[in-house]
Amino acid sequence: MIDQDARPYTDDLTGTDSDEVSTHRFSLNGIEYEIDLTPENYDKLDAALRPFIEKGRKIGRSKYSGRAWKEAVSGPSAEEEK
């Protein structure tokens, strides 16, 4: 049985629909980003970031993820708690 609701995903960079689109995460200056890209556009992102990744220091994963991250961001600030 074919799933008639199946739709291709859209590449966020080009707006192109494709069954090969994947979601990728990256962060910069403490802000996490998520983008859906075709393999070709992911290769472009990887090529652009590669020189910086090779020279950068790996610090591991963020201590916040998913729900915990949203709660930490949406909670009161340190100044508001005073």
Review point. Got a sec? How would GLU54, GLU34 order by Cβ neighbour count within 10 Å, fewest to most?
Key: GLU54, GLU34
Check your understanding: In sequence order, what are the phi-derived ³J(HN,Hα) couplings for the range 48-53 according to the Karplus relation 6.51 cos²θ - 1.76 cosθ + 1.60 with θ = phi - 60°, rounded to whole Hz, with x for glycine and proline?
Key -> 5, 8, 3, x, 6, 5
Review point. Can you pull the Rg over Rh of the range 9-55, Cα-only, Kirkwood?
Key: 1.01
Revision key, fill the gap. Listed with the fewest Cβ neighbours within 10 Å leading, ILE35, ILE53, ILE59 appear as ILE59, ILE53, ILE35
Review point. Counting pairs of alpha carbon atoms under 8 Å apart in space and at least six apart in sequence, what relative contact order in percent does the range 9-55 give?
Key: 31
Review point. Among ARG57, ARG50, which comes first, second and so on when ranked by fewest other beta-carbon atoms within 10 Å?
Key: ARG57, ARG50
Point to revise | Table column - 3J(HN,Hα) (Hz), the range 30-42, Karplus curve with 6.51, -1.76, 1.60, x for Gly and Pro | key: x, 10, 8, 10, 9, 9, 9, 9, 6, x, 5, 6, 5
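Quick note: the coordinates plus some simple rules give every number you see, no bench work behind them. In this text, all values refer to a predicted model and were calculated from it rather than measured experimentally. Note: ideal-geometry Cβ built from the backbone for every residue, glycine included; neighbour counts use all protein chains shown.
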